[in-house]
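To start, the structure under review is shown below, and the notes come after it.
No lab work stands behind these numbers, since they all come straight from the coordinates. Predicted model, so just to flag it, every value in this text is computed and none were measured. Note: ideal-geometry Cβ built from the backbone for every residue, glycine included; neighbour counts use all protein chains shown.
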Amino acid sequence: MNNAAPKPQRQPRENRRNRAAMAEDQDSGAASNIIPGTSPEPVLKAANSIQDTSIVDIDGGALEGGGQVLRNTVSFSCLLHRPVRVYNVRAGRSKPGLRPQHLTGIMLTRDVCQGRLEGGSVGSTEIQFHPGNIQHGDYTADTGTAGSICLLLQVAIPCLVYADGPTNLTLKGGTNADMAPQLDHMTMVFRPIAEKFGMKFDCRVIRRGYYPKGGGEVVVTCHPTKQLSAVTMTDRGDIKQIYGLSFVAGVLPVRVAHIMAKVAESIIHKEYKDVPVNIDVVKEVAAVGTGTGIVLVAETTTGCYLGGTALGKKGKQAEQVGQEAAEELINNLYHGGCVDDYVQDQIILLMALAKGKSTVRIGALSLHTETAIHVAKQLTEAKFKITEINKGATLIECDGIGLVNSQVGSS
Ligand SMILES: Nc1ncnc2c1ncn2[C@@H]1O[C@H](COP(=O)(O)OP(=O)(O)OP(=O)(O)O)[C@@H](O)[C@H]1O
């Protein structure tokens, strides 16, 4: 098996973000729409042991200064029962303030914990979130736009780990949106890593939805647990296999998906000639609008999952889409980290909540990850240590707080 490192050609991730900044968000401005679900039983106990009611101020423009500061803050608020005020919401973005997808995510979280949200309107640059008790049930949230369903999940699922029973979320919006995890990255890359911490969820796609219309629908079942566990991911191992999904929907012919897959496969084979590559080619029939993209996953012998993804758009050649995804995957494999450059920021919250010491080797620390750590430090007692192993390789250590879900028995 040839797992030799290919040439480094990494573009800093934040620059890649700028490149797509014209697609600033998938939210073209339509109002968001939340339909709170019914929770069959009242909750009798708080979801956790910390009961500090003093409000915590968080600067939403700190570091990355985007939606992630807000989402992580609101999740921690909900989980720790700590009211928060977030000011300078998304001050780091060209259109600051809440966009529909951000608003929808925090309204969903408000509903799952029966909390109170102040300043919750599109464009708002300051919010207050007063959490209640996390309750299982059925909840529906709709970005009303192509805003990413995955970003709704990012804020809500960690809270539902601490619910009093399984919860079904029916989420509407974009399933494969720019500047966010594609749904398939979330299910094929993030989910198996989250499961190592004990966070479990299942996704059922009813319909795909793409920019600009959105209209996708996904049902997500979240399973509660007593306590998240620390993880150690320091040995990436060898690459066992690479697989993925190359898709088209709407008016695009399936030929486009075949080209993306073929180009991606040939680029991967040049670097990893002995690794089996299996990319499914799919014409999505249950979909609103026209969309195309590719999600690649490398699974390693030590149980690591790293991704490389790309989305098509008008005027972009299929070859380019396949190439982008393959290069992103190869770059993620090149740094020798155990998670890819997008998952690294998404596991910070889990590391902070888990019981014990987590140690994860990543590539270069991203600004999103620094931001997630910054937020976690302000809202929890979790202790982080960042060590640069060598250029482009970093170790994150975290002594988590071991938050206990007092609403469920041991699992
Ligand atoms: N291509 C991608 N694949 C996987 N995850 C991604 C990808 N692009 C972005 N993400 C993840 O999506 C999240 C985006 O967070 P960010 O702070 O940029 O906020 P946002 O809500 O998208 O809003 P905005 O940037 O407009 O404020 C991060 O967790 C990031 O790792």
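Could you tell me whether segment 197-355 comes out rounded, prolate or oblate from its Cα gyration tensor? Rule is a ≥ b ≥ c as square roots of the eigenvalues, rounded for a/c under 1.5, then prolate if a/b exceeds b/c, otherwise oblate. Oblate, because a/c is 1.5 or more while a/b does not exceed b/c.
For a label point 7 Å from the Cα of S94 along Cα→C-beta, name the residues of segment 167-207 whose backbone N is under 18 Å from it. Counting only backbone N, you get 178-180. Given +1 at the Cβ of Lys and Arg, -1 at the Cβ of Asp and Glu and no other charges, the dipole of the chain around its Cα centre is 360 debye to the nearest 20.
Here the gap between T125 and L395, fully extended at 0.36 nm per residue and compared with their Cα-Cα distance, gives a gain of 93.8 nm. Comparing Cα centroids, segment 131-206 and segment 335-384 end up 19 angstrom apart. Note on K273: lysines with a C-alpha under 19 Å away, same-chain residues under 8 apart excluded, are K7, K240, K262.
With R₀ set to 51 Å, the beta-carbon distance separating I386 from H258 gives a calculated FRET efficiency near 0.75. If you run the Gaussian network model on the chain, springs between alpha carbon atoms under 10 Å, then out of E388, E265, E397 the most flexible one is E388.
The label point for T290 and the one for R116, both projected 7 Å from the Cα toward the Cβ, are 5.0 nm apart.
Entry note, the chain: the mean residue ellipticity at 222 nm calculated from DSSP H runs of n ≥ 4, each adding -39500 (n - 2.57), is -8000 deg cm²/dmol after division by the residues and rounding to the nearest 500. Under 12 Å Cα-Cα from K95, which aspartates and glutamates qualify once same-chain neighbours fewer than 8 residues away are excluded? Qualifying aspartates and glutamates at Cα under 12 Å: E24, D25, D27. Using a Gaussian network model of the chain in which every pair of alpha carbons under 10 angstrom is joined by a spring, one finds that among P212, P253, P166 the greatest mean-square fluctuation is at P253.
Each pair of Cα atoms in the chain enters the Kirkwood radius, and Stokes-Einstein at 37 °C and 0.692 mPa s then converts it into a translational diffusion coefficient of 155 µm²/s.
When the charge dipole of the chain is built from unit charges on Cβ atoms (+1 for Lys and Arg, -1 for Asp and Glu) and taken about the Cα centre, the candidate among Y162, A62, G307 whose Cα reaches farthest toward its positive end is G307. Evaluated at q = 0.18 Å⁻¹, the base-10 log of the normalised Debye intensity for segment 340-405, with identical point scatterers placed on the Cα atoms, takes the values -0.58. Take every DSSP beta bridge with both residues inside the chain and express the antiparallel ones as a percent of the total, to the nearest 5. Bridges in the chain are about 70 percent antiparallel. Comparing H269, H81, H335 in a Gaussian network model of the chain (Cα springs below 10 Å), the most mobile by mean-square fluctuation is H269.
Tell me whether segment 83-177 comes out rounded, prolate or oblate; compute the Cα gyration tensor, take square roots of the eigenvalues as a ≥ b ≥ c, and use a/c under 1.5 as the rounded threshold. Taking the square roots of the gyration eigenvalues as a ≥ b ≥ c, segment 83-177 is oblate. Over segment 130-215, the hull volume per residue, using the convex hull of the C-alpha atoms, is 103 Å³. Place a point 7 Å from the Cα of D202 along the Cα-to-Cβ direction; which residues of segment 216-243 have their backbone N under 16 Å from it? Those under the cut-off are 218-225. What you get for segment 340-405, charging only the Cβ of Lys and Arg (+1) and of Asp and Glu (-1), is a dipole of about 220 debye around the Cα centre. Here the spin labels are modelled as points 7 Å beyond Cα on the Cα-Cβ line, and at D235 and S54 they lie 4.6 nm apart. Positive end of the charge dipole of the chain (Lys, Arg +1 and Asp, Glu -1 on Cβ, about the Cα centre): tell me which of L395, N332, A261 has its Cα farthest that way. So the residue furthest toward the plus end is A261.
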